[in-house]
Amino acid sequence: MRQYASLFLVTTILSFISLGCNTEPEEEDPTGINGSWIVTSWVEDGVAQPEVVQSEVVLVFTNTTMTISGTTFPFIYSGTYTLDGNNQLTAVLDETTGDSEINQYEFLVDATISAASLTLDGTMIAYSPFWPDDSKAIVIGATR
């Protein structure tokens, strides 16, 4: 009887250990964009925006979501994106303060992705209930 109890205990412990192991495969990222990127430059309509870089802005990508946030400003931009076979990135991000949605931004950009750097070059359109829609040329540079 004691032998069966020991066998049961060992089997139970091994079962719990195996359940605790992550057996799900990692999300595939054939583009290399997934992960965190530190913004090193932000240019709107040809004018550098050094305050964005000074705010320690980070871009975070998963397979379907994009988030832009910084340490010294109160806004978070998050939403979904797609990246096609020609590295055309389209994103729709909601601007929030954490409590409520303020504006919405659409990015239509070419993404140049390497292991250590990312460049997004194209158009950013701001949609707001407070002012007319606004379209700007944008170039964002970032590193890992």
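Values in this text are rule-based calculations from the coordinates and carry no lab data. On a predicted model such as this, the values are computed, not experimentally measured, just so you know. No Cβ is skipped: glycine too gets one built from the backbone with ideal geometry, and neighbour counts run over all protein chains shown.
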Any residue that is outside any strand (DSSP E or B), of a type in the set (Asp, Glu) and without any contact (Cβ under 8 Å) to a residue 60 or more places away in the chain - is there at least one of those in region 107-129? no
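Which one is surrounded by the most Cβ atoms within 10 Å (Cβ to Cβ) among residues in region 126-144 that are in contact with a Ser or Thr (Cβ under 9 Å, 6 or more places away or on another chain) and closer than 21 Å to residue 100 by Cβ?
Initial filter on region 126-144 (in contact with a Ser or Thr (Cβ under 9 Å, 6 or more places away or on another chain)): 126, 134-144.
Now drop any that are not closer than 21 Å to residue 100 by Cβ, which leaves 126, 134.
Numbers: 126: 15, 134: 13.
Going through the qualifying residues, I end up with 126.
Mind checking whether some residue in region 69-78 is surrounded by 13 or more Cβ atoms within 10 Å (Cβ to Cβ), closer than 25 Å to residue 30 by Cα and of a type outside the set (Ser, Thr, Tyr)? Please lay out each step first, then the result.
Just the residues of region 69-78 that are surrounded by 13 or more Cβ atoms within 10 Å (Cβ to Cβ), to begin with: 69-70, 73, 75-78.
This time we only want the ones that are closer than 25 Å to residue 30 by Cα, so: 69, 77-78.
From what's left, of a type outside the set (Ser, Thr, Tyr): none.
Taking every residue of region 69-78 in turn, none turns out to be surrounded by 13 or more Cβ atoms within 10 Å (Cβ to Cβ), closer than 25 Å to residue 30 by Cα and of a type outside the set (Ser, Thr, Tyr).
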